[in-house]
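To keep things clear, I will list the structure first and then write my remarks on it.
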């Protein structure tokens, strides 16, 4: 018998559907009279469109419509402005923001930019027609590297934006930090790149749009993480009232941030659907995904750490140039600026910090949040500079960390970056991680590796990150007379399991059978607002909304229970699904109360049938701070440079754990993506042509089953946050913060004897081999 | 995919006739390369001639000191064959590491060598083992068969029927897989057959080739240490996204030593 | 257009197929078996794995016309009258799926691995899943599930 309380590893409801092939993903949906679309995309990184002739394509068999930039100009459709929370330069003027249209008007600025949408009876017919659309380009010089884009004489991506400069940004105390550096005994500096990667959810993006002539309303079924915000984006493009667009997400096959954005294709599809009076479907091919799914990370940073002679940290200074691609995408400029600044310095105590950044335009697919969106970058920066400081100055890396972590009694504390760290015990989390890591057996394992000609290394990486995303969330509970109920929430799962964990909260609080609760998400008609998923907000904001709804239900249910028992409402106590009068000992079950709520005769005055139905909106005031510690043990083959991560140990402080099985899953998934970034993943554009080089899974490497270490996880649950009623801190992105530095530092520890101090991610076997060879040579 | 006509002949003669009669025909064996290529519209044959139903292209036999494998024999069949494991375990192991289990259930020996992908595994085995490629009309020594990147000695319409492998005293294959595609970034097959040692390298250059200086060194002393002093030039090796020529040169040395050690 | 006859999940099927249709397309679009997913175009992801005459095959790398006379099993054909197959059950017990998109291919490959090597170990599972990508789980729970599912299939 399964238990459904908070903290129980409840097996997932949605699994039965997914395991039997009954999931309904976007490409599984069909409609009567469905037409199919393909997107003709730019083959050039930067070019003027001299001529775009669709006349031959329009006459191809099966072709129903072709949408181009000319339609967009004629219809005066609107660009999609960025929602970046950082939207001003340091001097207070607005960021430089070019218009981002859903389709190229007269110039293309990255490979993969939509040039035309071809709609036909079948996909093959649309592909055939796309091949005969005549586009004459005049190629222009391109730049795909953000540092080069800022150099004088770099190709200009936007005529009216000088120097490809989007905005600059600073946070912290510059003067105080400069002073700390002047007074420091030691300063360690590191230049590093957090390379460009992409999320690669296994389900490619796709959407179906439709238009009802009778009502004048549109629908959009979309593999998205965020139906409400994107409905607004698409409706604004088409200049229609938001409520005229019904936006739905079916089962979504992974998102990781890449399905959060307001992409161009949905608006094109909506327009085409209205034009031809038929629903239109578009499903991305995988090569299209690499070119036209948002990319992530891509920051070039200089990090400086000031220490006194005992190794105490005095100050941290970071300067970053972030690539945002050819446009300000949905929140693109935020990631390298505010998104990376907040958690600078990680879990360490810094008297002074200063972060500055520039976001630059390049001829690449624009960047938007990817799992962590700035926090993994910050975490990697601090852990790499600390490791380097230990190596250069002769400190034990564990000891150096131990002495600089924020002491438990220093909390609550506002960091110099303004991050409100209210709860946690970073030293204890580090010690527990070390204890799990079998340090006593390490020497023996090193010797065993050496016998095989391999090097073994270890590293530990504490991390501190924060949540994000929309602060508001809706939860609605609707009871049916048969005792079942429906829970509607505006946050959403693209695989994380909220179909299970949200009802789990409701069932636990109300004492109602978990199996009776059905769950609705990802539907603009079902909830008046919703923040979708992003910033590890699902449990923190969505879960809190569910808890709030449960509490509001209970307030009303107590009144009914008291009425049924002829008791005072204040005397009613709810425990395990029973309302008991603390004075008389009489009780009535929640089930009875629910049944009574549908009979007017059994309700107190002022209540009407269905009185228990509850809609509520929860609003988060302050973001929470998930934290924890990863450690990694790796084996390196010095002859080939090949790395295998052998073991990882993780202790996470996510506050209250609702479902440990699902939280473990989040951590392991995050580790896999962190491992991918550390060792193998990279989006590469050809420097000269701006062509995308890693355009398929033949060239963009993803971790496989045999890439992964044995992972052991534990939770530190003694420090729930008071920032939300559940006490949760968000678990979705933490793995991406801890794993890359733990793995990279462990590799460098393995290569200590070779004198290797730094290798840029991804640590491919060739880079490792070269680093060893070069260290040998020097 | 573009449109094409599909045929499934039952005999070599029927296949040859279909090929001769078509505008721009293409034989298809396991389809694990040509289907993805066609899906991406990178090839547009008028006719696909699926040779999967031709009985005489199948089967594995050992007679005397020769192992014979039919062209349409799937990688999983080679990997799972007791005859192959007994006669040339290195070949069995090589087949067991091509692609993944699903690809191995479709991909074939003949399809692989006819395609001559520079990063494929089989070409190294054929060259190092001194195998012979049998077509309907002639026999071609493996070394003469693989002529250049994606090119072979096959004439237009000529079909591989089977490959015969002399059984070596010892042999081993080592590859360093590309992390994305898992094709060979470099692969080295070492074999001692009769008095001769052959070392074939795949993945590293535009086409499989024999590493003659390795062979000479191993002729005198079949041990990894015999190879240690030999420097491998990066000249002529592939340089791409996944590995530079210098790195491939290093891998060839490492893999060759490991293959020799494995061959025992 | 070629007309083919085959068996899909135990049911005889006759279909007229275009030569360029992939087996995955026949299953998904023509037979409505949308549990078989397509996640890439280069045969890397494995979401489309089905059993063809009992062996795991990538249905996006095989023409529908090639399946004439063959027996196909898809994810929809695995559960027996509503009772989950032991491998499906093991995936659920071990939280070996999150978004569920890679899951059908992952489960079909795992069932085949367990059938071929009833006593498979972790290394064999990893090798067997070389052509199946998952972006959500980090694989550890999948490996555990395959071992447990294989054991349940033996018992």
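The values are calculated or read from the model by the stated rules, or taken from the named source; none is laboratory data. Only a predicted model underlies this, so the values are computations on that prediction, with no experimental measurement involved. Glycine gets a Cβ as well: all are built from the backbone with ideal geometry, and neighbour counts include every protein chain shown.
Structure notes:
- Single residue of the range A:750-764 satisfying the filter (part of a helix (DSSP H, G or I) and surrounded by fewer than 23 Cβ atoms within 10 Å (Cβ to Cβ)) that is farthest from the other protein chains (Cβ to nearest Cβ): A:752
- Exactly one residue out of B:85, B:74 is free of Cβ contacts under 8 Å to residues at least 60 places away in the same chain, more than 14 Å from chain C (Cβ to nearest Cβ) and more than 9 Å from the chain's Cα centre (by Cα): that is B:85.
- The condition of being at pLDDT 95 or above, more than 17 Å from residue B:158 (Cα to Cα), surrounded by fewer than 17 Cβ atoms within 10 Å (Cβ to Cβ) and within 14 Å of chain C (Cβ to nearest Cβ) holds for only one of B:99, B:64, B:80, that being B:80.
- Condition check for residue C:14: within 7 Å of chain A (Cβ to nearest Cβ) and over 30 Å from residue A:663 (Cα atoms): no
- For the range C:96-143, a residue qualifies if it is away from chain B (no Cβ under 14 Å), over 23 Å from residue A:12 (Cα atoms) and modelled with pLDDT of 95 or more, and the qualifying residues are C:121, C:122.
- For the range A:646-661, filtered to residues that are more than 14 Å from chain C (Cβ to nearest Cβ) and out of contact with any helix residue (DSSP H, G or I) (no Cβ under 7 Å at 6 or more places or on another chain), the residue that is surrounded by the fewest Cβ atoms within 10 Å (Cβ to Cβ) is A:656.
- Residue match in the range A:632-645 (condition: out of contact with any helix residue (DSSP H, G or I) (no Cβ under 6 Å at 6 or more places or on another chain) and farther than 30 Å from residue A:445 by Cα): no
- In this structure, residue A:371 does satisfy being out of contact with any strand residue (DSSP E or B) (no Cβ under 7 Å at 6 or more places or on another chain), at pLDDT 95 or above and outside any strand (DSSP E or B).
- Residue tally, condition surrounded by 24 or more Cβ atoms within 10 Å (Cβ to Cβ) and either over 24 Å from residue B:1 (Cβ atoms) or facing chain A (nearest Cβ under 9 Å) (or both), over the range C:52-89: 4
- Of residues in the range A:175-210 being part of a loop (DSSP other than H, G, I, E, B) and either in contact (Cβ under 8 Å) with a residue 60 or more places away in the chain or over 30 Å from residue A:249 (Cα atoms) (or both), the one nearest to the other protein chains (Cβ to nearest Cβ): A:203
- Yes/no for residue C:48 being crowded, with 24+ Cβ neighbours inside 10 Å, free of Cβ contacts under 8 Å to residues at least 60 places away in the same chain, within 12 Å of chain A (Cβ to nearest Cβ) and under 9 Å from the mean Cα position of the chain (by Cα): yes
- Residue within the range A:727-747 that is in contact with a strand residue (DSSP E or B) (Cβ under 7 Å, 6 or more places away or on another chain), surrounded by fewer than 23 Cβ atoms within 10 Å (Cβ to Cβ), outside any loop (DSSP other than H, G, I, E, B) and within 11 Å of another protein chain (Cβ to nearest Cβ) present: no
- Total residues in the range A:174-218, condition under 22 Å from residue A:333 (Cα atoms) and in contact with a helix residue (DSSP H, G or I) (Cβ under 9 Å, 6 or more places away or on another chain): 7
- Comparison of A:479, A:474 shows that the only residue that is buried (at least 21 other Cβ atoms within 10 Å of the Cβ), more than 29 Å from the chain's Cα centre (by Cα) and over 17 Å from residue A:629 (Cβ atoms) is A:479.
- In the range A:237-257, residue nearest to the other protein chains (Cβ to nearest Cβ) [restricted to those that are outside any loop (DSSP other than H, G, I, E, B) and over 21 Å from the mean Cα position of the chain (by Cα)]: A:246
- When the range A:662-677 is filtered for residues that are under 13 Å from the mean Cα position of the chain (by Cα) and either facing chain C (nearest Cβ under 7 Å) or outside any helix (DSSP H, G or I) (or both), only A:669 remains.
- The range A:29-51 residues that are on the phi > 0 side of the Ramachandran plot, paired with ones that are surrounded by 15 or more Cβ atoms within 10 Å (Cβ to Cβ) and in a loop (DSSP other than H, G, I, E, B) (beta carbon under 8 Å, 6 or more apart): A:33/A:278; A:33/A:279
- Cβ pairs under 7 Å, 6+ apart, first in the range B:177-202 and away from chain A (no Cβ under 13 Å) and over 15 Å from residue B:125 (Cβ atoms), second in a strand (DSSP E or B) and at pLDDT 95 or above: none
- Annotation: of all residues in the range A:16-52 being away from chain C (no Cβ under 14 Å) and assigned to a loop (DSSP other than H, G, I, E, B), the one that is farthest from residue C:90 (Cα to Cα) is A:46.
- Selected residue (only one of A:129, A:116 is closer than 30 Å to residue C:25 by Cβ and in a helix (DSSP H, G or I)): A:129
- Hits in the range A:154-173 (condition: in contact with a helix residue (DSSP H, G or I) (Cβ under 8 Å, 6 or more places away or on another chain) and in a strand (DSSP E or B)): A:166, A:167, A:169, A:171, A:172
- Candidates B:32, B:40, B:8, filtered to the one that is within 10 Å of chain C (Cβ to nearest Cβ) and surrounded by fewer than 16 Cβ atoms within 10 Å (Cβ to Cβ): B:40
- Some residue of the range B:135-143 being farther than 27 Å from residue C:126 by Cα, out of contact with any helix residue (DSSP H, G or I) (no Cβ under 7 Å at 6 or more places or on another chain) and assigned to a helix (DSSP H, G or I): no
- Scanning the range B:214-255 for residues that are surrounded by 14 or more Cβ atoms within 10 Å (Cβ to Cβ), assigned to a helix (DSSP H, G or I) and either modelled with pLDDT under 95 or more than 14 Å from chain A (Cβ to nearest Cβ) (or both) returns B:214, B:215, B:217, B:218, B:226.
- Taking the range A:246-261 as the range and being more than 17 Å from residue A:101 (Cβ to Cβ) and crowded, with 23+ Cβ neighbours inside 10 Å as the test, the residues that pass are A:247, A:249, A:251, A:252, A:253, A:254, A:255, A:256, A:257, A:258, A:259, A:260.
- Output for the range A:688-724, where each listed residue is touching a strand residue (DSSP E or B) at 6+ places or on another chain (Cβ under 7 Å) and facing chain C (nearest Cβ under 9 Å): A:709, A:710, A:711
- Inclusion of residue B:258 among residues that are closer than 21 Å to residue B:193 by Cα and within 13 Å of chain A (Cβ to nearest Cβ) is warranted.
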